[in-house]
Amino acid sequence: MKLVFAGTPEVAVPALDALLASGRHEVAAVVTRPDAPAGRGRRLVASPVAERAAEAGIEVLKPVKPRDPEFLERLREIAPDCCPVVAYGALLPRVALDVPAHGWVNLHFSLLPAWRGAAPVQHALMAGDEITGASTFLIEEGLDSGPVYGTVTERVRPTDTSGDLLTRLAFAGAGLLAATMDGIADGTLKAVPQPAEGITLAPKITVEDAQVDWAAPALRVDRVVRGCTPAPGAWTTFRGERLKLVQVTPVPERTGLAPGHLAAGKNSVHVGTGSYAVELLWVQAQGKKPMRAADWARGARITEGETLGG
């Protein structure tokens, strides 16, 4: 088939690479978000997908909105058979959805209908899911509600962050998306409607969502930290300033600490929660680089009775 690939961040690059390497399909163009300011100089930088497409000599389309007339005209000129999508980042209007004969097929990082929305991996981790995965589905105008072509599953590891899990799903999902394109081209793959039961939503995680509640159980604290790493970053406050929590680990045998209360030893820092304590492993103070929590505690000269979170 002739394909137009839509995607923006680094997590979409493995899928683009898989389609380029498949040999069965022509990636005629790539659709991505416009260049965005980045770095200290805030200079405009192309998306990872745009950079990869340029390396491969593929036409790159960067509409401000996918309903822009110039973009729609070019899309019709290319006349793709199908448009595979991975984390494109913009809502596709019906007028664009109707252009390819086989529609737009999205790679979504959950086992639909679970975790429909912008942050499925983060929500799966924060909810304590033991198994997650990726799905390919035909995009409709509803939120991730279209019929599903295929899935792959992935076990959630005890220390996974959302970054760890998303990286594995990006590569597993790339193979799934390529296989889905093959099945659509062959006419051997049919999309199956999602069940009405089991729908959960995964809206974008805000900075406010990433604030740790020390009255919550230790397992919940650990899940929030892992789910919000690397973005937006779990955090708390210490002496009135924000402290980023990079890595913690529950310590069931450490009890007796009130929620938020700190206990700093020579080589370890524990914090009380609503159940047992967690050990802070890595933290990042405002304006500083990430550091081992024990080093941070020594520099901060924590005194008895000090707390996190106010």
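Structure data summary
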| read-out | value |
| --- | --- |
| Under 26 Å from the Cα of LYS2 - lysines, other chains or at least 8 residues apart | LYS62, LYS65, LYS190 |
| Loop GluC sites (Glu not before Pro), segment 86-170, which have at most 12 other Cβ atoms in a 10 Å radius of their Cβ (DSSP) | GLU130, GLU141 |
| Dipole axis of the chain (+1 Lys, Arg; -1 Asp, Glu on Cβ), positive-most option in PRO259, SER145, GLY274 | PRO259 |
| Descending semi-axes in whole angstrom, ellipsoid equivalent of segment 153-310, from the Cα gyration tensor | 40, 16, 14 |
| Furthest towards positive pole of dipole, GLY187, THR249, PHE71, structure part the chain, Cβ charges | THR249 |
| Projected label distance in nm at GLU10 and GLU73, using a 7 Å step from Cα toward the beta-carbon | 3.8 |
| Accessible area of segment 225-310 divided out per residue, in Å², using a probe of 1.4 angstrom | 52 |
| Segment 36-163 - accessible surface per residue (Å², probe 1.4 Å) | 48 |
| Cα-based Kirkwood hydrodynamic radius, segment 1-139, one decimal, Å | 15.8 |
| Segment 71-163 - charge dipole about Cα centre, Lys and Arg +1 at Cβ, Asp and Glu -1, debye rounded to 20 | 100 |
| DSSP-defined antiparallel bridges as percent of all bridges, the chain, nearest 5 | 70 |
| Selection from THR159, PRO113, ILE131, by position along the positive dipole direction of segment 82-159 (Cβ) | THR159 |
| The chain - convex hull of the alpha-carbon atoms, volume per residue in Å³ | 144 |
| Cα-Cα P(r), segment 150-220, percent of pairs per 5 Å interval | 3, 11, 13, 16, 20, 15, 10, 6, 4, 2, 1 |
| Chain lengthening between ARG42 and GLU241 when straightened (0.36 nm per residue, less Cα-Cα) | 69.1 nm |
| Potential lengthening between VAL95 and GLU140 on full extension [0.36 nm per residue; Cα-Cα distance subtracted] | 15.0 nm |
| Nearest-0.05 FRET efficiency for ALA172 and GLU55, computed from C-beta distance (R0 30 Å) | 0.80 |
| With every protein chain in place, the chain: carbon and sulfur % of accessible area (1.4 Å) | 52 |
| Added length on full extension, which subtracts the Cα-Cα distance from 0.36 nm per residue, VAL207 to ASN267 | 18.6 nm |
| Segment 203-249 and segment 97-138: distance between their alpha carbon centers, rounded to Å | 24 |
| Total charge dipole magnitude, the chain, about the Cα centre, Cβ charges on Lys, Arg, Asp, Glu only, Debye to nearest 20 | 1080 |
| Lys, Arg +1 and Asp, Glu -1 on Cβ, resulting dipole of segment 10-122 about Cα centre, debye, nearest 20 | 500 |
| Proximal lysines relative to LYS288, as straight alpha-carbon distance under 29 Å, when same-chain residues fewer than 8 apart are discounted | LYS204, LYS244, LYS266 |
| Fraction of beta bridges assigned by DSSP in segment 1-80 that are antiparallel (%, nearest 5) | 25 |
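The values are calculated or read from the model by the stated rules, or taken from the named source; none is laboratory data. In this text the structure is predicted, and so the values were computed from the model without any measurement. No Cβ is skipped: glycine too gets one built from the backbone with ideal geometry, and neighbour counts run over all protein chains shown. Accessible surface areas use protein heavy atoms only, side chains included; no ligands, DNA or RNA. Shrake-Rupley method; radii C 1.70, N 1.55, O 1.52, S 1.80 Å.
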